[in-house]
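Following: one structure in structure tokens, then a few remarks.
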Amino acid sequence: MKTKETKLKGCYIIEPMIFGDERGYFLESFNQERFNEAIGSNISFVQDNESFSSKGVLRGLHYQRGEYAQSKLVRVVKGRVLDVVVDIRKNSQTFGDHISIELSEENKKQIFVPKGFAHGFLVLSETAIFSYKCDNFYNKESESGIIYNDPTLNIDWKLKNSDFTVSEKDLVLPNFNSKLI
């Protein structure tokens, strides 16, 4: 696997080795030992999640606070999404910065999102299956987020706002400049 740290320290883009022939392809989507060596940390995932969404569905920007903070390893099984990660670590040199990358069934890229980051994605294809591993269990009381169209973050989501489908819960998330974590 190829691993490249993004401008957000601790956040990595991971590209698996793909072995293809006339029958199709094979790839190792996760290997604990290789993954921990590549990111230089010991992460143990405890939960796998999967979502199915239609074009224009925007999920995020989410994170969990305190002892329930989560690191995630995200990927797209089917379709294409624009994946966005925002650094919300107040002591970080990249606090408030974000990256966005297209994840797809074609490119097979993954992103490791460490604790201290908000995360979201927008479905660009007709449908998408999004899969992710978490190193901590979900805790409803610890969930939080940032509104997707925050003017300070100024994220280019690549589609028109009028094409988005956003949950009621995500529509009332606070701005970035509101209290975080």
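Here are a few things to note about the model shown:
- Based on Cα contacts under 8 Å between residues 6+ apart, the stretch 44-171 shows a relative contact order of 42 percent.
- Under 5 Å from the amide H of T165 lie the amide H atoms of V57, L58, each residue being 5 or more positions distant or on a separate chain, with H modelled from the backbone and absent for Pro and chain starts.
- Using θ = phi - 60° and Karplus 6.51 cos²θ - 1.76 cosθ + 1.60, couplings along the stretch 141-152 (whole Hz; Gly, Pro as x): 5, 9, 6, 7, x, 10, 4, 4, 9, 4, x, 5
- Between T127 and D156, the modelled label-to-label distance comes to 3.1 nm, taking each label 7 Å out from Cα in the direction of the beta carbon.
- Rounded to the nearest whole Hz, the Karplus-based 3J(HN,Hα) values (6.51 cos²θ - 1.76 cosθ + 1.60, θ = phi - 60°) of the stretch 54-62 follow the sequence 9, 3, x, 5, 10, 10, x, 8, 10, with x at glycine and proline.
- Less than 5 angstrom separates the built amide H of N149 from none of the residues sequence-distant by 5 or more or on a different chain.
- Of the residues I146, I129, the one with the fewest other Cβ atoms within 10 Å heads the list, and the complete ranking is I129, I146.
- Sequence of K108, K160 once ranked by neighbouring C-beta atoms within 10 Å, starting from the fewest: K160, K108
- Taken over the C-alpha atoms, the stretch 50-135 has Rg and Dmax values of 12.7, 39 angstrom.
- Cα gyration tensor category, rounded, prolate or oblate, for the stretch 4-80 with a/c compared to 1.5: oblate
- Listing D83, D170, D163 from fewest to most neighbouring C-beta atoms within 10 Å gives D163, D170, D83.
- The stretch 1-65 and the stretch 104-142 have their alpha-carbon centroids 8 Å apart.
- Helix-only mean residue ellipticity at 222 nm for the chain, each DSSP H run of n ≥ 4 adding -39500 (n - 2.57), per residue, nearest 500: -1500 deg cm²/dmol
- Amide proton proximity set for F117, modelled H, under 5 Å, gap of 5+: I88
- The 3J(HN,Hα) values that the Karplus relation (6.51, -1.76, 1.60; θ = phi - 60°) gives for the stretch 8-13 are, in residue order, 8, 3, x, 9, 10, 9 Hz. Gly and Pro appear as x.
All of the numbers you see were taken from the coordinates with simple rules; none came from a lab. Predicted model, so just to flag it, every value in this text is computed and none were measured. Cβ: placed from backbone, ideal geometry, glycine included. Neighbour counts: every protein chain shown.
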